[in-house]
Every structure is written in structure tokens, then in C-alpha cells.
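The values are calculated or read from the model by the stated rules, or taken from the named source; none is laboratory data. Computed from a prediction, not measured in an experiment: that's the story for all the values here. So basically every Cβ, Gly included, is an ideal-geometry build from the backbone, and we count neighbours across all protein chains shown. These area figures cover heavy atoms from the full protein model, side chains too; ligands, DNA and RNA do not enter into them. Shrake-Rupley method; radii C 1.70, N 1.55, O 1.52, S 1.80 Å.
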Amino acid sequence: MELKSYVCAAVLTAGLGMQAMADNPISTYHYLADPSAAADDSTFYILTDVDDYNNQTNWSYDIIGLYAFSSNDMKNWTDHGMIFKSNREFGNYPNNTWASGIAVHNGRIFIVYPDGASGVGMITAPSIDGPYTDPIMETHGKNRIAGAGSFLGDCDGIAHCFDPGILFDDDGTGYVIFGGGESGQRPFGNNFDIIKFSENNGKVTLDRNSLTRVQLPNSFEAPYLHKKGSTYYLSFNNRSQVIDYGMSNNIMGPYNYVGSVIPGIGSVPDAHGEGGNNHQGFAEFQGKWYAVYHDRRLVTSDNHPAATTRNGTRSENPNYENHRSVSIDELTWNGDKMNTLKFTREGPAQIRNFDPYKTYKATTSSKQMNIRSRTDWTKGEPVKHVLLPLTSRSESWIRVSGVDFGKGAENLRIKAANVGDGNKVEIHTGSATGPLAGSCEIAKTSNNMTFTDNDCAMTGLTGVVDQLFFVFKGSKDSTMGLLEWEFQGTKREPEPQTTFGNDGKAWTVPGKIEAENFDEPGYGAGNDSYADNDASNHSCTDEGKEAECTDYREGTGVDIYKKADGKMVVGYINAGEWLEYTINVKEDGDYTLFAAVASEGGSTFNFELDGKELTGDMEVPAGGNGFDDFSSVKANVALTAGTHILRFNAVADWFDFDYVSFVKGKDAVESNINVTESDSGTTFIGEKIALQRSMDSFKVFDISGKNVGFVKLNGMSIEQALIASGYKKGVYVLRGMQNGKKFMVAVR
């Protein structure tokens, strides 16, 4: 449970109100750039760079990750956050994720991305949230398609080895296009390459012999492939920062130049004439075509967000060149030719009503005001994107458009973390101050990574609501984080947590409970059964831990791992994390609680029963063999008969937890361990040990796990040796100094 490789990409940018509530750009709390687009039967995707962290020097593009957005109605967009982070997943590659391309094929996401202008790679995932893997590395043993040390070995003489696009043809064959710029060997118009690949269940095989140079006059950068009918279209940004295109009946060309399709972005509404470079993506969805592009209308607004650099420096006046925003408009056709795109404030028309009775990421909206967001990024896990309201502002809200409530919603469920006071979410219709449908008090949680369900009664939400507002209230910015929300036709009543394993029955006391068998969470506020500081099981995500990895309790984020002997324990523990177990105490009385724990440097934990202190703080001994040296730490407790919730709390970091057990009576010996008598009268607790000549020196520990000394047999029995060394009657744990074998003895 200890946080090791977790990365939080906190986007420290505020939202704003655009002129006349315009829906372009799609996000008003990120600076975004270089969009590409893809669609399947149900979802339209937009992939972008992030300009939030750009330096304040013109032409210095410091781009550290890729963001993704999706929609099924072309008006309400889900922000999935930073789905890919440079210098994070694949070693030192890439350094800068400039303009990238996206495609959807057989239910998988494929992304091609550059490393600045020096190479091109590919990643793939089963969903837009990831986790992403590198299919080029898996198939060819190289971490990129083109560039130094790549599959191709170099960039085929391309001046700028960047701006990749990707297309899957009707027969499933894939194609990657990349390149741009000029050089002495490659003038303008002669710097795009296409390479073919095959794909099977996420495995990609490149065809080196297919590499083909394609040319179009005045082509500079941003090559992009799409197909309509049987015709292939190659669009690009020319030297005048206008998107031109050519057509061909063969994807490898030659392409016949047609003309312009996206004008210079200086004519974008509300951008105050600010132009600059251009980038495009085209995709068909539900019978309509759409074009995505970037502009400067967000940064030129009177109420633009602040910008944040990589080192955390914030600027209230970010420069125009490096802080772009992404917009979308419908693309129309004249036969097989694209009409010149018309920039709009409103963006595309909504093509279907929004269904509120599904679970949505909280960052789903058609417009935003004074919010920010945080991407919880853990290697090997899908990203989680959290909405963080700026509640100290006069207005903080998100808007959802065209919501069809049908016969009516009675309840709203919000999954949220909350470490502040007075945080709540109000639901208004028509405007942020329109009729109030309901108010949702957000329950406090142990930290900002622990999310719980909040149920809120709703009234008056029937039929189609044109504009629905989530309005955020509170005394301090970003002390609540919203993860998901959904409306319900009838209120779902809270459901208590339940026992995991044991056929759903409470664990019997006296008895033993394995640490990994913590309860299943219930539904609603207060019915969580565990808290972990991140979503990753580090035995599966940390480097070199593959042998420890287990999918037991997958999805909880609790760090369960396998020891060398195959048993499972909870490890990587951080202070503030906790686990709960439903127990059934058979009868009133005194009991001895034993907790098997291990640490390299010692640590602290305690137990509660039904929310009240049970043990006080207990110390984890620092074992000689570190995390392989479990000690049974005990405490005397008084229990009443009946069903209770037992909570294990981590007070400090860095220890492992194997099990907790209860034995009837004070200062009892663990009853789940076998006790046998030796011929010498010494009681062996555990399997009977056949002592060997080589096994004659032992470390001695008391029953709490404290190292109390050393004993050497010198030809005596264990009991004789202990008595001769001054040990009194009692129970001891001995560990062989030659082979590490441990057992317990009782000297009488």
C-alpha cells in the first residue's frame, strides 16, 4: 500500500466564461494543441498535446504529455486527462510529445507520437484511458518506428521526423505517415513517408519494404490521412499555416493537389486576429464529418487561465504562441471534395440527447467555469481524471447540454473525495443560478485520494433539460475532487460493506483473518471498506516486482503481493491507509489479538472496533530479515459478543501485514499454531523440528517479536541451553542462524 511510482499530473489552470457561452474551444481549463481525431460506431475521440506547461519563450514548445477527449453526442465532452506522459512510460523516450495521431481499430486505441522532431513511436491500449503498451517494442524490440536506433534505423532522410498520423484501411491494414520541414536534401513538398503495418490483437508488425515517399506542393508539416469512400485524402499544414490537401485512389500515392480546407486560424472568432501554426484532424461519425484544429481564442480571452510551467512557475499572462486551445466544427463536402471549414463559436450541433442514467467521469461537460483537474497517473493502470472546483471564485461550475431525464430523476450519486469543510454541489437548470433541483453535501474522506459515494435527492428533473449546471460551493479551492457522477430514476439506498471470502459470513472470533481478505465496499457514504493512497498494486507496477505480482483483489489498489513461499500479504503500506473486516465474536470476554507484521526499520499501527479505539498504537519490530521476518505482535483486548467492524489502521509507513488473529483469554498463545511435546520436555509450537548438528545457534525473540538474545546448544537440549543462558520459563521464538528456520518453544 506504500506509494512508490504514483505520478500526479496536477493541471493548475483555471476555467473561464467564454463570450456568449460559446462551446468552442472544448476545454476552458487546459491549454491544448495539435489535435487529431478518430471515431468508432459509438464514440468520437480527440487526441491533443498539452500546452499547460509550456515555457514563456516564443517557439519553445515544452510538451510533456497527451490528453484525450471523447463524446457520443458531439456537444458534451469527457476529458480523460493526461493519458500518456513523456519520459515516464518508456524510459527516456519520448522527451516532447508534439503533434500525435490516433486511430480506433477492433476496439483498441492506437496512438502514434513523436519525440520532438527526432523520431516516431506507437502505443496501444484496450481503452482510451489505457494502460498503454508499446507494440513496436513487443514485436520488433525497438521503442520507435523511425529515428536513431529505431525499427527503420533512421528517419529516411526526412528533415523533421515528427507529426505522425495513422489510418486503418477497410481491410484492416494499418498505415503511419510522418515527416515535414525542409533540408538541403529534402526541400519543401518532399518530406512525408508512409509505412504499412499489420495488426493482430494489439500486436503490430511493420513492413520495412513498404516505406514510400509521398509529395505534395508546398507541404510543410502535419501530414494527416483519412478516407471517404474509396478515396484517400492527405492533408497538411503549408508554409503559410493553412491546411491544404490532396487526393488519391491509392494510399501510397501519388496524390493530386486540390487546395485549402482549413484557413489560417487568425480568422477564428474571439481569437482577436491571433494566428500562428495550424494542425488538423478529420473523422466521420454517425453520418457527419468533423474537423478538429487548434487556435488562440482561449489565451486571448479577457479571462484566460493561468499557465503552469514544468517547474511549477505560474503566469497570469501566458504568451500567445505557446498556449493554444482545441476546437471542433462540422466539415461539409462538395461531392468528393472538402469545403473550406467555417470556424464557429458554437461548435457542432448536438446529434442526440444526453443520457444521465449512466456513470460518467466528473470531467464530462459542454462548458466549464473556474475549475481545474488532476490526472492520477500510475504506470500500468488506466488513468483517473479528477475534477477540482475553484470554489473561492464567484462562480464555479460545469454545464451539461441536452439532458433527457425522461420520467424523472430522484437521486444523484457523486463519487468524490473531500478534505475541506462546507463543500457541496448544487444542481441548477437553465443557468448557474436557475431553479435548484437539489443540493449534495460532500462527505469528508481521509485524504484526497479516497473517494466515497454521496447520494442527493433531486426534484423537477423530467423531460429534456437544455442546460444542466453542476455548481460547486465551498470555502477553499480544490479541497473536493469529483471522480464520477450518475443520476438515478429512483434512489438507491445505501448498502453496507460485506465480508470478502468465508462464503460471505463474518469472520469468527476466536480465529484468524488473512490481511488480504478485507471486506468488499458497500454503496453510499460511510460504507467503504478500505483506503489506499493510490490506485496501483505496486507489486505489479514497480520495476523488478513481476514475481510478486498478484491480481487478487484487482481493482482495489491495495498492494497485495506474493512472498517466495506463495503466501499473500499486504505491503507497501503508507500512513493513513486502512482495511476493515466484519467479525463475529462468539462470546463476551478477554482476548489476545495477534497481528503478524514485518518491517526493515520498524513502524506503527493500531486497531479500532466499530469506530472506537481497540488496541492503541502497536509497534512493528525491525526484523533481522526485513520484510521476510514476520513477528506476531500482541495486545490484550475486551470484546463483546456479536457482529462488529474491525479496522486496521496504518499509523506510519513501510511495513507488511500478513494476518490478524484472536485467542481467548489474556496473554494467550496463538491457538492456530500446533503445539507438540518433545522428548526433552520442551514444547515446540509449530511443526516438530528435527535438530541437526549444523543447527545449533539461534536468535531468541519473545512472544511480541522483540529480539531478547542468542543461544548456542553446545550439545544440550534447547530447554537446557535456554535455562543455562538465563532464560526464564515462557514462550520464545527461535530462528536458526545457519538456515533461518523459525519455530516457537515453551520452556516449563
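So that you can scan it fast, the table gives a plain yes or no per residue for (1) farther than 28 Å from Ser373 by Cβ; (2) in contact (Cβ under 8 Å) with a residue 12 or more places away in the chain; (3) of a type in the set (Lys, Arg); (4) in contact with an Asp or Glu (Cβ under 8 Å, 6 or more places away or on another chain):
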site: Gly266; (1), (2), (3), (4): yes, no, no, yes
site: Gly281; (1), (2), (3), (4): no, yes, no, no
site: Phe285; (1), (2), (3), (4): no, yes, no, no
site: Lys288; (1), (2), (3), (4): yes, yes, yes, yes
site: His323; (1), (2), (3), (4): no, yes, no, yes
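Let me confirm something: among Glu520, Glu516, which residue is surrounded by fewer than 21 Cβ atoms within 10 Å (Cβ to Cβ) and of a type outside the set (A, V, I, L, M, F, W, C)?
Going through Glu520, Glu516 in turn, just one is surrounded by fewer than 21 Cβ atoms within 10 Å (Cβ to Cβ) and of a type outside the set (A, V, I, L, M, F, W, C): Glu520.
Before we move on, is Lys415 at pLDDT 95 or above and in contact with a helix residue (DSSP H, G or I) (Cβ under 7 Å, 6 or more places away or on another chain)?
no
Here's the yes/no breakdown for (1) free of Cβ contacts under 8 Å to residues at least 12 places away in the same chain; (2) farther than 20 Å from Lys545 by Cβ; (3) surrounded by fewer than 16 Cβ atoms within 10 Å (Cβ to Cβ); (4) among the charged types (D, E, K, R):
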residue	(1), (2), (3), (4)
Val570	no, no, no, no
Trp578	no, yes, no, no
Leu593	no, yes, no, no
Phe605	no, yes, no, no
Glu613	yes, yes, yes, yes
Val620	no, yes, no, no
Leu639	no, yes, no, no
Asp653	no, no, no, yes
Phe657	no, no, no, no
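Here is a yes/no grid of residues against (1) β-branched (Val, Ile, Thr); (2) open to solvent by less than 10 Å² (accessible area, probe 1.4 Å); (3) in contact with a Pro (Cβ under 7 Å, 6 or more places away or on another chain):
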site	(1), (2), (3)
Gly276	no, no, no
Phe282	no, yes, no
Ala291	no, yes, no
Leu298	no, yes, yes
Pro305	no, yes, no
Thr359	yes, no, no
Thr364	yes, yes, no
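Only residues that are more than 18 Å from Thr48 (Cα to Cα), hydrophobic (A, V, I, L, M, F, W, C) and not in a loop (DSSP other than H, G, I, E, B): list them for the stretch 271-305, please.
Phe285, Trp289
Select from the stretch 141-175 the residues that are on the phi > 0 side of the Ramachandran plot and open to solvent by 30 Å² or more (accessible area, probe 1.4 Å) and list them in ascending order.
Residues satisfying the conditions are Gly141, Gly149, Gly153, Asp156, Gly157.
I need every pair where a residue in the stretch 91-120 that is more than 14 Å from Glu221 (Cβ to Cβ) and in a strand (DSSP E or B) has its Cβ under 7 Å from the Cβ of a residue that is open to solvent by 10 Å² or more (accessible area, probe 1.4 Å) and among the basic types (Lys, Arg), sequence separation at least 6 or different chains.
Gly119/Arg144
List pairs: first residue in the stretch 196-210 and among the aliphatic types (A, V, I, L, M), second residue assigned to a strand (DSSP E or B) and open to solvent by less than 30 Å² (accessible area, probe 1.4 Å) anywhere in the structure, Cβ distance under 9 angstrom, at least six positions apart or on different chains.
Here the result reads Val204/Phe110; Val204/Met122; Val204/Thr124; Val204/Gly174; Val204/Phe197; Leu206/Val176; Leu206/Ile195; Leu206/Phe197, each pair linking the stretch 196-210 to a residue that is assigned to a strand (DSSP E or B) and open to solvent by less than 30 Å² (accessible area, probe 1.4 Å).
Would a scan of the stretch 224-234 turn up a residue that is at pLDDT below 95, more than 24 Å from Ile136 (Cα to Cα) and open to solvent by 10 Å² or more (accessible area, probe 1.4 Å)?
No, the stretch 224-234 contains no residue that is at pLDDT below 95, more than 24 Å from Ile136 (Cα to Cα) and open to solvent by 10 Å² or more (accessible area, probe 1.4 Å).
Filter the stretch 99-108 down to the residues that are at pLDDT 95 or above and crowded, with 24+ Cβ neighbours inside 10 Å, then identify the one that is farthest from Phe168 (Cα to Cα).
Within the stretch 99-108, the match that is farthest from Phe168 (Cα to Cα) is Ser100.
Exactly one of (1) among the polar types (S, T, N, Q); (2) open to solvent by less than 20 Å² (accessible area, probe 1.4 Å); (3) in contact with a strand residue (DSSP E or B) (Cβ under 7 Å, 6 or more places away or on another chain) is unmet by Ser315. Its number?
(2)
Which of the residues that make up the stretch 455-478 are part of a strand (DSSP E or B), at pLDDT 95 or above and either under 21 Å from Arg372 (Cβ atoms) or open to solvent by less than 60 Å² (accessible area, probe 1.4 Å) (or both)?
Matches in the stretch 455-478: Val465, Leu468, Phe469, Phe470, Val471, Phe472, Lys473.
Select from the stretch 121-161 the residues that are closer than 30 Å to Leu483 by Cα and either assigned to a helix (DSSP H, G or I) or among the small types (Gly, Ala, Ser) (or both) and list them in ascending order.
Across the stretch 121-161, the qualifying residues are Ala125, Ser127, Gly130.
What number goes with the only condition from (1) of a type in the set (A, V, I, L, M); (2) modelled with pLDDT of 95 or more; (3) more than 25 Å from Pro389 (Cα to Cα) that Ala271 does not pass?
The number of the failed condition is (2).
Looking only at strands (runs of 3 or more DSSP E) that fall completely inside the stretch 540-648, which ones have 1 or more residues that are out of contact with any Ser or Thr (no Cβ under 8 Å at 6 or more places or on another chain) and of a type in the set (Phe, Trp, Tyr)?
The strands (runs of 3 or more DSSP E) meeting that bar are 589-598, 603-609.
Hey, does the stretch 83-98 have a residue that's hydroxyl-bearing (Ser, Thr, Tyr), under 21 Å from Ala33 (Cβ atoms), surrounded by 19 or more Cβ atoms within 10 Å (Cβ to Cβ) and modelled with pLDDT of 95 or more?
No, because not a single residue in the stretch 83-98 is hydroxyl-bearing (Ser, Thr, Tyr), under 21 Å from Ala33 (Cβ atoms), surrounded by 19 or more Cβ atoms within 10 Å (Cβ to Cβ) and modelled with pLDDT of 95 or more.
Do we find a residue being without any contact (Cβ under 8 Å) to a residue 40 or more places away in the chain and loosely packed, with under 15 Cβ neighbours inside 10 Å anywhere in the stretch 479-493?
There is at least one residue in the stretch 479-493 that is without any contact (Cβ under 8 Å) to a residue 40 or more places away in the chain and loosely packed, with under 15 Cβ neighbours inside 10 Å.
Let's see how each residue does on (1) closer than 20 Å to Gly101 by Cβ; (2) β-branched (Val, Ile, Thr); (3) open to solvent by less than 10 Å² (accessible area, probe 1.4 Å):
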site: Ile177; (1), (2), (3): yes, yes, yes
site: Pro217; (1), (2), (3): no, no, no
site: Ser240; (1), (2), (3): no, no, no
site: Val258; (1), (2), (3): no, yes, no
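Would you check if there is a residue in the stretch 371-384 being polar (S, T, N, Q), crowded, with 23+ Cβ neighbours inside 10 Å and either under 13 Å from Asp79 (Cβ atoms) or out of contact with any Asp or Glu (no Cβ under 8 Å at 6 or more places or on another chain) (or both)?
So far as the stretch 371-384 goes, yes, one or more of its residues are polar (S, T, N, Q), crowded, with 23+ Cβ neighbours inside 10 Å and either under 13 Å from Asp79 (Cβ atoms) or out of contact with any Asp or Glu (no Cβ under 8 Å at 6 or more places or on another chain) (or both).
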